[in-house]
1. Within the stretch 64-92, can you find the residues that are assigned to a helix (DSSP H, G or I) and open to solvent by 30 Å² or more (accessible area, probe 1.4 Å)?
2. Being acidic (Asp, Glu), surrounded by fewer than 22 Cβ atoms within 10 Å (Cβ to Cβ) and touching a helix residue (DSSP H, G or I) at 6+ places or on another chain (Cβ under 8 Å) narrows it down to one residue among ASP201, ASP161; which is it?
3. If you check every pair at least six apart or on different chains, which have Cβ atoms under 9 Å apart with a residue in the stretch 35-55 that is farther than 16 Å from GLN73 by Cβ first and a residue that is open to solvent by less than 80 Å² (accessible area, probe 1.4 Å) and of a type in the set (Lys, Arg) second?
4. Checking VAL83 against (1) more than 27 Å from ARG180 (Cα to Cα); (2) touching a Phe, Trp or Tyr at 6+ places or on another chain (Cβ under 6 Å), which test does it fail?
5. Which of the residues that make up the stretch 98-132 are open to solvent by 20 Å² or more (accessible area, probe 1.4 Å), β-branched (Val, Ile, Thr) and part of a loop (DSSP other than H, G, I, E, B)?
6. Take the residues in the stretch 137-167 that are under 12 Å from the mean Cα position of the chain (by Cα) and of a type in the set (Phe, Trp, Tyr), then tell me which one is farthest from MET93 (Cα to Cα).
7. Mind checking which residues of the stretch 39-63 are out of contact with any Ser or Thr (no Cβ under 8 Å at 6 or more places or on another chain) and buried (at least 17 other Cβ atoms within 10 Å of the Cβ)?
8. Read through the list (1) surrounded by 17 or more Cβ atoms within 10 Å (Cβ to Cβ); (2) under 30 Å from ASN34 (Cβ atoms), then give the number of the only condition that PHE140 fails.
Amino acid sequence: MEQSPLCVGRSDLDLRGLRRSLLRDAVFLRLLDNVLRGEYRRGQRLRLDTIAEDMQVSRTPVREALVSLESHQLVTVQRYVGVVITHWSVDQMTERLRIARAMIVDPAASGVGPDDRFDHSWLRECWTEAGAFVELAAWFLRRSGASVSADWMLSQRTVLDMFFTDDIALANGIDAVVDRARRLDLVDQAVRAAERDAVDDCAAVLLELAAALIALPDRFRVSVAS
């Protein structure tokens, strides 16, 4: 999985002139980047007005983006207090992967899945193996008739995908380069299985990939203060 340029740096993303939906998404990406990278410290309080002024946007797209961040338990928005960055942890990130792995083991299908052929283009916007894992796992769950689980899976893609990019992983003490060749090979195996509609084979490879991603934080390069 080739990492695409992550255009969410403070000076790299021009938020002006975007449609409202695109503006909300752009603000979300920048806020997410700031949280995961540690630009916003855990427990730090921010005012909505300050965020909007810093990004040169109105309060509306910031408020909408914060709803998404709050749903991922990365911030809380408190009346009279403002935005508070939660004390999230690396363990909470790997917990998302453990939940995803459990869903693959037991899809909890509510019916017969649709004959949904895998489309390789779904991976074009993925930055990392984690993003590819989420897309492939969501396809597997849809094919298994677990559409609600598939929707939850896709809701985690941006957070996990960004977290495992090299620079953000390193900011959290993780060397994402470790064992990457094996993880990329597992992505390729899962894609090939999905493209030939070998659902069970794809699931087996995804379980290996999930285990490899979960193991990454055990290979810390540096110690990072919370």
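The values are calculated or read from the model by the stated rules, or taken from the named source; none is laboratory data. A quick note: this is a predicted structure, and the numbers were derived from the prediction, not measured. Don't worry about glycine lacking a Cβ; one is built from the backbone with ideal geometry, like all the others, and counts go over all protein chains shown. Side chains are part of the model used for accessible areas, which takes the heavy atoms of the whole protein and leaves out ligands, DNA and RNA. Shrake-Rupley method; radii C 1.70, N 1.55, O 1.52, S 1.80 Å.
1. Here is the first cut: in the stretch 64-92, the ones assigned to a helix (DSSP H, G or I) are 64-71, 90-92.
Once the filter is applied, which keeps residues that are assigned to a helix (DSSP H, G or I) and open to solvent by 30 Å² or more (accessible area, probe 1.4 Å), the stretch 64-92 yields GLU64, VAL67, SER68, GLU70, SER71, ASP91, GLN92.
2. Numbers: ASP161 fails: surrounded by fewer than 22 Cβ atoms within 10 Å (Cβ to Cβ).
Selected residue: ASP201, the only one of ASP201, ASP161 that is acidic (Asp, Glu), surrounded by fewer than 22 Cβ atoms within 10 Å (Cβ to Cβ) and touching a helix residue (DSSP H, G or I) at 6+ places or on another chain (Cβ under 8 Å).
3. Qualifying pairs under 9 Å: MET55/ARG30.
4. For VAL83, the failing item is (2).
5. Across the stretch 98-132, the qualifying residue is only VAL112.
6. Going through the stretch 137-167, the residues under 12 Å from the mean Cα position of the chain (by Cα) turn out to be 152-165.
Retained after the next criterion (residues that are of a type in the set (Phe, Trp, Tyr)): 152, 163-164.
On the way: TRP152: 15, PHE163: 8, PHE164: 10 Å.
Step by step, filter the stretch 137-167, then rank; the result is TRP152.
7. Hits for the stretch 39-63 are TYR40, LEU46, ILE51, MET55, VAL57, PRO61, VAL62.
8. Every condition holds for PHE140 apart from (2).
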